[in-house]
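Computed from the coordinates by the stated procedures, all read-outs in this text should not be read as laboratory data. Quick caveat, the model's predicted, so the values are computed rather than measured. When we count neighbours, we look across all protein chains shown, and the Cβ atoms used for this are built from the backbone with ideal geometry, even at glycine.
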Amino acid sequence: QSAHLFGSLVQTIDSVTAHMAQNLDEESLPLTFDGMSSVADYTFVKMHPQTLNLSHYRFPSQGQSYISIPSEAFHGKDWITIVGLLYHNMHCFFHNINPMDTKIAEAAAYKGYMISATSYLISIKVEPLPRLSRNLSGSPLITIQLTHKLTPRQYSQALNKSNRVHLYCAFLDYSNGTGIWSNEGCVRESGDFNYSVCLCNHLTNFAILMQVVPLKLTREHQVALSSITYIGCALSIFCLTITLVTFAILSSVSTIRNQRYHIHANLSFAVLVAQILLLTSFQFSLGTMPCKILAVLLHFFFLSAFAWMLVEGFHLYSMVIKVFGSEESKHLYYYGIGWGCPLVICVVSATSSPGSYGESGNCWLSLENGAIWAFVAPALFVILVNIGILIAVTRVISRISADNYKVHGDANAFKLTAKAVAVLLPILGSSWIFGILAVNAHALVFQYIFAIFNSLQGFFMFLFHCLLNSEVRAAFKHKTKVWSLTSSSTRNINVKPFNSDIMTGNRPGTTPTKLNTWDKSTNSANRIDLSAV
């Protein structure tokens, strides 16, 4: 409504100023006066064509935004009346224009992507009409140069390589009674993000309109990335389910019943639910209530996954770096970070900007109004902190590996370092770095790498937490032995205690004592129990 209102206001101002120019005192001709107000710069001219000694008439005479009319366009012996207006702030009211409400065919092709005025609105009226070429490749033509006045948001969109920016030389067409933006009879000849030069074969109100359209991948790449996502997520869901079932079955074994595996289980659960919701979200239409609810849930569980990755990093740091620190339970502290912080962020985001969920692109946070930072900022924080922890842990492992090689000649120590880095990279969320790099079609390789690593995160967790974890394999063998003895109905046999209980000096059925992270025997003072890794 504001666009139509101010369009009518511009038409009224043009009509009034044209009426004033027609009724100038003929006794004082030729007459030229101009000035400036809070609304616009203006000029009134009434002169004979022969008095125009320049090659062109320019309004305003100074500045980087102007209209230029070649002198050859003026013809006849009648007096010429010229009225020019350069509005200071009128362009601010022409924003979020639906391209379907314009006569710009190129803009209408990108339905749903709004248009905004991005330059001063300039107007010029000449009586009698100048003689201009009907063909835009001919001459004479009107030259219009306008400096762009981008808002911070428009400037950010223009610099984003994942967007394509369309700039249109347009004017307000009042042929239907109301001002409708059109680009008929105008062409953008040159310019960049700072200014535009247009050629037109008529006179009216002119401005530069901007339309931002996100770049889209080709159909082949879209199908390939979607297939990777579906297959990877399905495999991750299967592997994470096995991981959680394994932890549940082995929860009675002392080596699995500790803080580290509680953290693994919570991280696995958060990623599992997020992957299920992600696959489900593809089935709903944008703007619907189910899509909005899924967007909020996806926001929460993906944030929770990152929060538990941060807990993984903190716990690893406390076990490897601060190995002499307290081993007191930190369950409440960890659960507060893992589930509490994401809940607070989601509640604040959803209540302050409910329209930012499930409205554009997919059932996710909006990329237009900055709401996406409610996910990106915490995720970047977790990635940066965990990269720091990864570097610190790797340095400790490398130092100890080098010492062990010097003292004991253990060449496998260096393999341990490489294995530790390979294990920690996917678990601590480092693979999401590729998500930051995969921001546009020019970084297509990063989009594929991110799709593979992100969708297979559950597989990596299963691989390193279960399949390649010596503690889990030993616990499973022990559990299998107990099952086999139970199934053979040998009730009176004494089951051999699990190795970890013997190593820690515990009797079966008693509470296990804490195992110091360092091996303090005199023959291995430089060795460290890296089971935390």
Going 7 Å from the Cα of N369 along its beta-carbon direction, which residues of segment 64-104 have the amide nitrogen within less than 15 Å of the resulting point? 96
Spelling out what I want: for every residue of segment 383-394, take phi, set θ = phi - 60°, compute 6.51 cos²θ - 1.76 cosθ + 1.60 (Karplus), and round to whole Hz; glycine and proline get x. 4, 5, 5, 5, 5, x, 5, 4, 5, 5, 5, 4
What is the gain in length, in nm to one decimal, between L286 and L5 on full extension, counting 0.36 nm per residue of separation less the C-alpha to C-alpha distance? 98.1 nm
Interchain or long-range residues, amide H under 5 Å from H56's placed H: S71
Relative contact order of segment 1-214, defined on C-alpha pairs under 8 angstrom at six or more residues apart (%): 21
Can you tally the net charge around L217? Count Lys and Arg as +1, Asp and Glu as -1, for every other residue whose Cβ sits under 15 Å from the Cβ of L217. +3
I'd like the trypsin sites (Lys or Arg not before Pro) in segment 33-96 restricted to DSSP loop residues with at most 10 other Cβ atoms within 10 Å, sorted by number. K77
Using modelled amide H (1.01 Å from N, peptide plane; none on Pro or chain starts), what sits under 5 Å from the amide H of W181, excluding residues fewer than 5 places away? K103, D173
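Can you compute the FRET efficiency between R58 and T218 using 1/(1 + (r/R0)^6), with r the Cβ-Cβ distance and R0 = 41 Å? Round to the nearest 0.05.
Using R0 = 41 Å, I get an efficiency of 0.35.
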Using θ = phi - 60° and the Karplus form 6.51 cos²θ - 1.76 cosθ + 1.60, what ³J(HN,Hα) does each residue of segment 455-468 get, whole Hz, x for Gly and Pro? 6, 9, 4, x, 5, 5, 5, 5, 4, 8, 7, 10, 5, 9
Under 5 Å, built H, 5+ apart or other chain: amide partners of N163: L215
Here segment 233-247 yields Karplus 3J(HN,Hα) values (6.51, -1.76, 1.60; θ = phi - 60°; whole Hz; Gly and Pro given as x) of 5, 4, 5, 5, 4, 4, 5, 5, 4, 4, 4, 5, 5, 4, 4
Please go through segment 204-257 and write out the trypsin sites (Lys or Arg not before Pro) that DSSP classes as loop and that have at most 13 other C-beta atoms within 10 Å. K216
